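A quick write-up on the structure given underneath.
The values are calculated or read from the model by the stated rules, or taken from the named source; none is laboratory data. These figures come from a predicted structure and were not determined experimentally. No Cβ is skipped: glycine too gets one built from the backbone with ideal geometry, and neighbour counts run over all protein chains shown. Please note that ligands, DNA and RNA were not included when accessible areas were found on the heavy atoms of the full protein model with its side chains. Shrake-Rupley method; radii C 1.70, N 1.55, O 1.52, S 1.80 Å.
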Amino acid sequence: MKITKICCIGAGYVGGPTMAIIAQKCPHIQVTVVDLNRERIAAWNDADTVNIPIYEPGLSAVVAEARGRNLFFSTDVAKAIDEAQMIFISVNTPTKTYGSGKGMAADLKYIELCARQIAAIAKDNKIVVEKSTLPVRTAEALKSILDETGNGVQFQILSNPEFLAEGTAVDDLLAPDRVLIGGDSSAAGEQAVQALVDIYANWVPLDRILRTNLWSSELSKLTANAFLAQRISSINALSELCEVTGAAINEVAKAIGMDSRIGPKFLNASVGFGGSCFQKDILNLVYIAKSYGLTAVADYWEQVIILNDHQKRRFSNTIVKTLYNTVSDKKIAFLGWAFKKDTNDTRESAAIYVADDLLNEQAQLAIFDPKVSRNKMLADLDYLATRSSKDNAKNATSFDEPYSACENAHAIAVLTEWEEFRAYDWQRIYDKMQKPAFVFDGRNLLDRAALEAIGFVYFAIGS
Ligand code: NAD
Ligand code: UGA
């Protein structure tokens, strides 16, 4: 089956970049990305592609090349479903905030809504692709909803989870380590898998395209994230041990990472991992294990989250303890709010939790992030519902540039590893701060020797 029209439901951090690259690499395929969020679609259609809603290095140029040619963004979900031969579901699957499984299970209501809408609209056979990260065996539920249409339409369901990381989405999509496609082993299932392989084969070498059964594909995505997050919790656990023993975490990470069986990547100790997926996906994995009665398995993976929460709390405690056990009415400057560099995404960012702790201690926060707006920062704090929006707005101020954020501050906390922070005029910052001037580097980003030479008291994670 030759695919000429694709639709993607969900124009978020995955749907937008993924479809932009497919459109760029497959000019013969018309790609329409739809979303219920009108503002988001309007931003994707902004005349100046610099204003697209997602900041990713290189993405605006890809959108500029393909948009209007074979890449379209629209709110007309029904029309796009009707026209497409292949439909990607790329909607959000957050942790449930209500009912059974609250705080653990994935909330699949958006996925189910998509399935119902596809079932209601489809008049001809379609391939439905799970792009969202889903609990193992979700395809079964999707199929049962789709098969209830009663109008004789045949659906094939594929699992094609996405492995891109934010901040490097374009590079990850252009040269993926692997593309994973799970499908049914029937003849029709294999044809559907082949149709998707043919799309990726336009730019991905065939030996990087992996075919599995549906359940292996769904489960591999959840567990890939769990393994990655586990590395960070492992190194962060050691960072605390380094602090009390005189070992230096950077040296330990280098020494263990040079073992080719371990590898050097993803071993940076930090204030804790953030982002929309690691915590959500591990909680989901824990929930799945529990629901099969596998308590030991559930407890094993839950520890990755427990350690991460501990690491965030430990960082704010260190700040309070070092500042003579009180930060009340002290100005603390935050450099960074996004959950990692090169993204404007703040979901589950460690900065939010550190800020919340320090606001509880009555600190005055002065926040600067190169890509995050004040409204977003306040919305993140308000979402925790620890105190009133008015109090958040009064005690957390955002700045357009770093130097005024740091002026008169007692301490600076580095929460995101933006490269530009290294290049600041640290002498100028030091001159305008309260003394002693403290830097708490939650990303081990800055040059300790240079900062100490200026006169800063410098704390890094794990040394
Ligand atoms: P997102 O919140 O940025 O985007 C989801 C979009 O779907 C939103 O714009 C929302 O309005 C839209 N939507 C929800 N229900 C809809 C419906 N019924 N019809 C039309 N639009 C609808 O989420 P995201 O970060 O892109 O993540 C999407 C999925 O991909 C999740 O399952 C996530 O776990 C997975 N994933 C995310 C990443 C990442 O780096 N963000 C990477 C790999 C996988
Ligand atoms: C992660 C995975 O890396 C992707 O493969 C996956 O597709 C995605 O989740 C997903 O399913 O959403 P992402 O969350 O975008 O991608 O970003 P990462 O680069 O994994 O970083 C996650 C968090 O870990 C960040 O807060 C980052 O600062 C932190 N981190 C990362 C560390 O603290 N130390 C490290 O060594 C690496």
Check: With Tyr287, Tyr300, Tyr292 as the choices, which residue is within 16 Å of ligand 1 (Cβ to nearest atom), more than 14 Å from Lys340 (Cβ to Cβ) and not aliphatic (A, V, I, L, M)?
Finding: Tyr287
Margin query: Can you say whether Val204 is buried (at least 19 other Cβ atoms within 10 Å of the Cβ), β-branched (Val, Ile, Thr) and either within 16 Å of ligand 1 (Cβ to nearest atom) or without any contact (Cβ under 8 Å) to a residue 40 or more places away in the chain (or both), as far as the supplied structure shows?
Written below: no
Next item on the list: Would you mind finding the one in Glu166, Glu162 that is within 12 Å of ligand 1 (Cβ to nearest atom), under 18 Å from the mean Cα position of the chain (by Cα) and within 22 Å of Ile209 (Cβ to Cβ)?
Entry: Glu162
Check: Within the range 253-270, is even one residue assigned to a loop (DSSP other than H, G, I, E, B), out of contact with any Asp or Glu (no Cβ under 7 Å at 6 or more places or on another chain) and within 16 Å of ligand 1 (Cβ to nearest atom)?
Finding: yes
Check: What number of residues within the range 385-413 satisfy the criterion of being on the phi > 0 side of the Ramachandran plot and among the polar types (S, T, N, Q)?
Finding: 1
Next item on the list: Within the range 170-187, track down each residue that is open to solvent by 50 Å² or more (accessible area, probe 1.4 Å) and among the small types (Gly, Ala, Ser).
Entry: Ala175, Ser185, Ala187
Next item on the list: Check Ser144 against each of (1) surrounded by fewer than 15 Cβ atoms within 10 Å (Cβ to Cβ); (2) among the small types (Gly, Ala, Ser); (3) part of a strand (DSSP E or B) and name the one condition it does not meet.
Entry: (3)
Next item on the list: Only one of these is touching a residue at least 24 places away in the same chain (Cβ under 8 Å), open to solvent by less than 30 Å² (accessible area, probe 1.4 Å), of a type outside the set (S, T, N, Q) and within 16 Å of ligand 1 (Cβ to nearest atom): Asp380, Asp342. Name it.
Entry: Asp380
Margin query: It is to be established whether one or more residues within the range 344-351 are assigned to a loop (DSSP other than H, G, I, E, B), aliphatic (A, V, I, L, M) and under 26 Å from Ala229 (Cα atoms).
Written below: no
Margin query: I'd like to check something: does the range 106-119 contain any residue that is more than 11 Å from ligand 1 (Cβ to nearest atom), surrounded by fewer than 22 Cβ atoms within 10 Å (Cβ to Cβ) and outside any helix (DSSP H, G or I)?
Written below: no
Next item on the list: Please find, among Gly152, Gly101, Gly167, the residue that is surrounded by 15 or more Cβ atoms within 10 Å (Cβ to Cβ), more than 16 Å from ligand 2 (Cβ to nearest atom) and part of a loop (DSSP other than H, G, I, E, B).
Entry: Gly101
Notebook entry, point to check: In the range 188-200, what residues are closer than 17 Å to Ile21 by Cα and either open to solvent by 50 Å² or more (accessible area, probe 1.4 Å) or touching a helix residue (DSSP H, G or I) at 6+ places or on another chain (Cβ under 6 Å) (or both)?
Noted result: Asp198
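The rows are residues; the columns are (1) within 16 Å of ligand 2 (Cβ to nearest atom); (2) touching a residue at least 60 places away in the same chain (Cβ under 8 Å); (3) open to solvent by 50 Å² or more (accessible area, probe 1.4 Å); (4) touching an Asp or Glu at 6+ places or on another chain (Cβ under 6 Å).
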site: Gly16; (1), (2), (3), (4): yes, no, no, no
site: Ala23; (1), (2), (3), (4): no, no, no, no
site: Ile41; (1), (2), (3), (4): no, no, no, yes
site: Asp48; (1), (2), (3), (4): no, no, yes, no
site: Asn51; (1), (2), (3), (4): no, no, yes, no
site: Ala66; (1), (2), (3), (4): no, no, no, no
site: Met86; (1), (2), (3), (4): no, yes, no, no
site: Pro94; (1), (2), (3), (4): yes, yes, no, yes
Notebook entry, point to check: Which of the following residues is open to solvent by less than 10 Å² (accessible area, probe 1.4 Å) and among the polar types (S, T, N, Q): Ser328, Ser373, Ser349?
Noted result: Ser349
Next item on the list: Output the residues belonging to the range 265-298 that are within 16 Å of Ile232 (Cα to Cα) and surrounded by fewer than 13 Cβ atoms within 10 Å (Cβ to Cβ).
Entry: Lys265
Check: Going through the range 210-225 one residue at a time, which ones are crowded, with 19+ Cβ neighbours inside 10 Å and not polar (S, T, N, Q)?
Finding: Leu214, Glu218, Leu219, Lys221, Leu222
Notebook entry, point to check: Among the listed residues Val271, Val320, Val286, which satisfies the condition of being of a type in the set (Val, Ile, Thr), under 20 Å from the mean Cα position of the chain (by Cα) and more than 14 Å from ligand 2 (Cβ to nearest atom)?
Noted result: Val286
Notebook entry, point to check: Given (1) free of Cβ contacts under 8 Å to residues at least 60 places away in the same chain; (2) on the phi < 0 side of the Ramachandran plot; (3) within 10 Å of ligand 2 (Cβ to nearest atom), where does Phe266 come up short, assuming only one miss?
Noted result: (2)
Check: Does Pro161 satisfy the criteria of being over 19 Å from Met1 (Cα atoms), within 12 Å of ligand 2 (Cβ to nearest atom) and without any contact (Cβ under 8 Å) to a residue 60 or more places away in the chain?
Finding: no
Next item on the list: Out of Ala405, Ala437, report the one residue that is open to solvent by less than 40 Å² (accessible area, probe 1.4 Å), touching a residue at least 24 places away in the same chain (Cβ under 8 Å) and under 17 Å from Trp337 (Cα atoms).
Entry: Ala405
